[in-house]
1. So if I check each of Asp349, Asp434, Asp377, Asp344, which one is modelled with pLDDT of 95 or more, over 30 Å from Gly277 (Cβ atoms) and charged (D, E, K, R)?
2. I'd like to know if the range 449-461 contains one or more residues that are under 29 Å from the mean Cα position of the chain (by Cα) and surrounded by 14 or more Cβ atoms within 10 Å (Cβ to Cβ).
3. Do we have any residue at all in the range 297-306 that's touching a Lys or Arg at 6+ places or on another chain (Cβ under 7 Å), under 24 Å from Thr431 (Cα atoms) and within 16 Å of the ligand (Cβ to nearest atom)?
4. Is there a residue in the range 289-296 that is modelled with pLDDT of 95 or more, surrounded by fewer than 24 Cβ atoms within 10 Å (Cβ to Cβ), among the hydrophobic types (A, V, I, L, M, F, W, C) and over 26 Å from Thr133 (Cβ atoms)?
5. What do you reckon, is Ala83 part of a helix (DSSP H, G or I) and free of Cβ contacts under 8 Å to residues at least 60 places away in the same chain?
6. Out of the residues in the range 222-237 meeting the condition of being near the ligand (Cβ under 10 Å from one of its atoms) and in contact (Cβ under 8 Å) with a residue 40 or more places away in the chain, tell me which one is surrounded by the fewest Cβ atoms within 10 Å (Cβ to Cβ).
7. Hey, among the residues in the range 159-176 that are of a type outside the set (Gly, Ala, Ser) and more than 13 Å from the ligand (Cβ to nearest atom), which one's nearest to Glu422 (Cα to Cα)?
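The values are calculated or read from the model by the stated rules, or taken from the named source; none is laboratory data. This is a predicted model, so every value here is computed, not measured. Reconstructed Cβ throughout: ideal geometry from the backbone, glycine too, with neighbour counts over all protein chains shown.
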Amino acid sequence: MGMDEGFDMVPRLGPGAGDTLRWSLFMETIKAQYAGDDQVEIQEHYIEFKAGEHPTLPFHGPHFLRFSSKVTGRIASETGVHAYLQAVRRLAVQVFGTRIRPWSEVFEVDDFYDWRDVHQSIRDFQAGHTKLTAFGFANEHDNDDSPYPLRYMKDNLYEEVDIPDKGKGLVARCNIKRGTRILCEKPLFVVRNMDPGVLNGLVASKLQSLSKDQQMQFLSLHNNFPGKHAFAGIVRTNALPCGPGAVTGGIYPEICRINHSCHPNCHNSWNEAINDGQETVHAIRDIFAGEEITISYDKGGPSEIRQAQLKAAFGFDCKCDLCTLPAAELQASDERRHRIQSLDEQIGDPMTMMTRPLSSLHACRALLDTLHQEYTDPHTGEATATALLPRLYYDAMQIVVAHGDQSRARVFAERCYRARIECEGEDSPATQKDKGLMQEPSSHASFGACGMKWRTSKTTLPDRETVGEEAFEKWLWRL
Ligand SMILES: C[S@@+](CC[C@H](N)C(=O)[O-])C[C@H]1O[C@@H](n2cnc3c(N)ncnc32)[C@H](O)[C@@H]1O
């Protein structure tokens, strides 16, 4: 049998320029170190150590999860694999620090990744794939006796770890399917935005009514504004608004550990319907084990604008995967985000909606295409959900319903409802409202408000199966 030993990379590497550069530096160091060693062979897509169980290092960093081998038994000792594991680990620690997580069956130190994910990633990079594929997802049961990921099913889907350049953060312990509710948390307390001195006193009195554990949870949160008013600094660093445009913000022991990304893989929202109000976090794309869980703290926009907003409101320079992309890719993203902003303004113009609704509707369609181009999964290249999608479908629904078109309004309301479920869950009041509109579009307050020139009944829509997808979309968007 033999005992395994090795190290895992947690969080796994992302597509940003920093991770790409560090990984290529590490791989070049490995190549130089083992240049004359005939047990170390450079293959097309990876470096192979022909010792023990032949551990490998892929050239494509995001595929790297684990470097390991059996370290007991005849083959291990004859090939000297233990010395390779130690030397490679030392070099990795020099480049990646605490991100390198050593583990050992000999010393009963647990590994991080499920072996099936490790084997899947090895199959992928050996075949030369640059996209990642997931072995399986949490909560997804197949006919196998041991559903993935068995040992995590009872636990949280995430773990708190140190994240380079961002302090602490949460990473996925297993692959998480898009739409999964990862967290649902009650605030320790809620507060309004106010002068730091007054806020400090108010928080001090709120802390007195909390348990010792809760006080410690609050005090352990990050403070990006150290100084005279420490409590107010913690609130400013961590408070999340209790709903869109809310004047109150909540403080949470776990959700407040989630770092910001300008291209987040999760969406957070306040759900009034759960036990007097709780904050939820949903995966808006498939998340791979070892990936950092992220939400957005701001309103988005091109990099210059959003980075300035983050600095002014929260006092940090954003180091997310989008902001650290190579310059040419960041510029392409900025162009799409400028377009998103200008289409959004066009759609929000009430005069255009009243007098030229077709133009507003076509702007919605153009926005949808741009969102699909901008919000793609960095690992698979597929379009992902974004909190902008339910809003877009809601806007499209409002445009058509205001002109009496119930059939299209029904389709847009349904799309809005489905997109909202992914971001907020079925039990969110906003999702339930969308569901009501999907069933009865004429119940919308603006029904017919701009006239009835597009009048249809809610049942007069073409059969998608009969006319085909393309014709249905043309009908829907009035193309
Ligand atoms: C709500 S806290 C998140 C958890 C925090 N990292 C911790 O250690 O507890 C927000 C703080 O995390 C850091 N942070 C979050 N997102 C970041 C990002 N994208 N880039 C750099 N720092 C970030 C900043 O210091 C920010 O003030």
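1. Being modelled with pLDDT of 95 or more, over 30 Å from Gly277 (Cβ atoms) and charged (D, E, K, R) holds for just one of Asp349, Asp434, Asp377, Asp344, which is Asp349.
2. Applying the first criterion (under 29 Å from the mean Cα position of the chain (by Cα)) to the range 449-461 yields none.
No, that holds for no residue.
3. Start the filter on the range 297-306 by keeping residues that are touching a Lys or Arg at 6+ places or on another chain (Cβ under 7 Å), which leaves 298, 300-302.
Now narrow it down to the ones that are under 24 Å from Thr431 (Cα atoms): 298, 300.
Those left that are additionally within 16 Å of the ligand (Cβ to nearest atom): 298, 300.
Taking every residue of the range 297-306 in turn, at least one turns out to be touching a Lys or Arg at 6+ places or on another chain (Cβ under 7 Å), under 24 Å from Thr431 (Cα atoms) and within 16 Å of the ligand (Cβ to nearest atom).
4. Looking for residues that are modelled with pLDDT of 95 or more, surrounded by fewer than 24 Cβ atoms within 10 Å (Cβ to Cβ), among the hydrophobic types (A, V, I, L, M, F, W, C) and over 26 Å from Thr133 (Cβ atoms), one finds none in the range 289-296, hence no.
5. In short, yes.
6. Asn224
7. So the residue we want is Ile176.
Each row is one residue, and each column tells you yes or no for (1) at negative phi; (2) not in a helix (DSSP H, G or I).
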site	(1), (2)
Arg339	yes, no
Asp344	yes, no
Met354	yes, no
Arg365	yes, no
Leu368	yes, no
Leu371	yes, no
Gly381	no, yes
Ala385	yes, yes
